[in-house]
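Trainee: Got a structure here, written out as structure tokens. Questions coming.
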């Protein structure tokens, strides 16, 4: 997991998650922020619900936006006795998270540079000064467009063929979608950890209560 901050000065925060083995993108979301723990946690829970389980291990940086996800991961990995077997959270510098860092480079070349240059042009001519109103206008006009483009880039990425690296470090190569969903074809193992859906229901219910409380205020 990681956040992409190149567009955050303009009010667009992107957060993503990529599978370390297959390089399949699990989620890639553009939003008003990528720094609120509850926002990133919602992405994680949605992915767990859709996949029917949580990862054996998640890797993230030390940013505060990941604290809820880390706690949820421990909670979902507990057995009936409340014990977590083996490591389930790895944290370190963002630059060391090579899989998603490489993907950010791909996204920058495909789309992000265009948007960053456009918003910087707005700034250079005095049409954007960084206040909440200007960020709100950027979000209103461009957030949905950026998300649709992200979805397209993700689809193309997940279905393209990864070729062997020139260094030979990538021992497994193929289409991320297939490598993720059918790892047996690549002599690999599926490390999706089944979750106790009663625990997941508890989390989802708390999330619904929190959203309801925010709407009432």
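Read-outs: derived from the displayed coordinates by stated rules, not from any lab. All values derive from a computational prediction rather than experimental measurement. Heads up, the Cβs are rebuilt from the backbone with ideal geometry, glycines too, and the neighbour counts pull from every protein chain shown.
Trainee: Looking at the chain, what % of its DSSP beta bridges pair antiparallel, to the nearest 5?
Mentor: Around 80 percent antiparallel, to the nearest 5.
Trainee: Describe numerically, in nm with one decimal, the distance between label points set 7 Å from Cα along Cα→Cβ at residue 109 and at residue 141.
Mentor: 2.9
Trainee: Report Rg (one decimal) and Dmax (nearest whole number) for segment 110-193, counting Cα atoms only, units Å.
Mentor: Cα radius of gyration and Dmax of segment 110-193 are 19.6, 56 Å respectively.
Trainee: Expressed as a whole percent, how much of the Cα-Cα distance distribution for the chain exceeds 28 Å?
Mentor: 35
Trainee: A follow-up question, please. Determine by what factor the alpha-carbon radius of gyration of segment 79-137 differs from 2.2 N^0.38 Å, reporting the quotient.
Mentor: Normalised Cα radius of gyration, segment 79-137: 1.93.
Trainee: At 7 Å along the Cα-to-beta-carbon direction for both residue 133 and residue 85, put a label point, then send me their distance in nm to one decimal.
Mentor: Result for the modelled spin labels: 6.0 nm.
Trainee: Then there's this: Sketch the reach of a paramagnetic label on residue 188 as a point 7 Å from Cα along Cα-to-Cβ, and name the residues of segment 1-37 whose backbone nitrogen lies under 14 Å away.
Mentor: 18-26
Trainee: Could you list 83, 8 in order of exposure, starting from the residue whose Cβ has the fewest other Cβ atoms within 10 Å?
Mentor: Going from sparsest to densest Cβ surroundings: 83, 8.
Trainee: At 7 Å along the Cα-to-beta-carbon direction for both residue 161 and residue 118, put a label point, then send me their distance in nm to one decimal.
Mentor: Here the modelled spin labels are 3.3 nm apart.
Trainee: Give the calculated FRET efficiency between residue 125 and residue 33 to the nearest 0.05, with a Förster radius of 22 Å applied to their Cβ-Cβ distance.
Mentor: 0.25
Trainee: Moving on. Using a 10 Å cut-off around each Cβ, can you sort 160, 193, 24 from fewest to most neighbouring Cβ atoms?
Mentor: So the residues, fewest neighbours to most, are 160, 193, 24.
Trainee: Could you tell me the distance between the Cα centroids of segment 1-49 and segment 93-144, to the nearest Å?
Mentor: 14
Trainee: By count of other Cβ within 10 Å, fewest leading, how are 51, 17, 88 ordered?
Mentor: Fewest-to-most Cβ neighbours within 10 Å comes out as 51, 88, 17.
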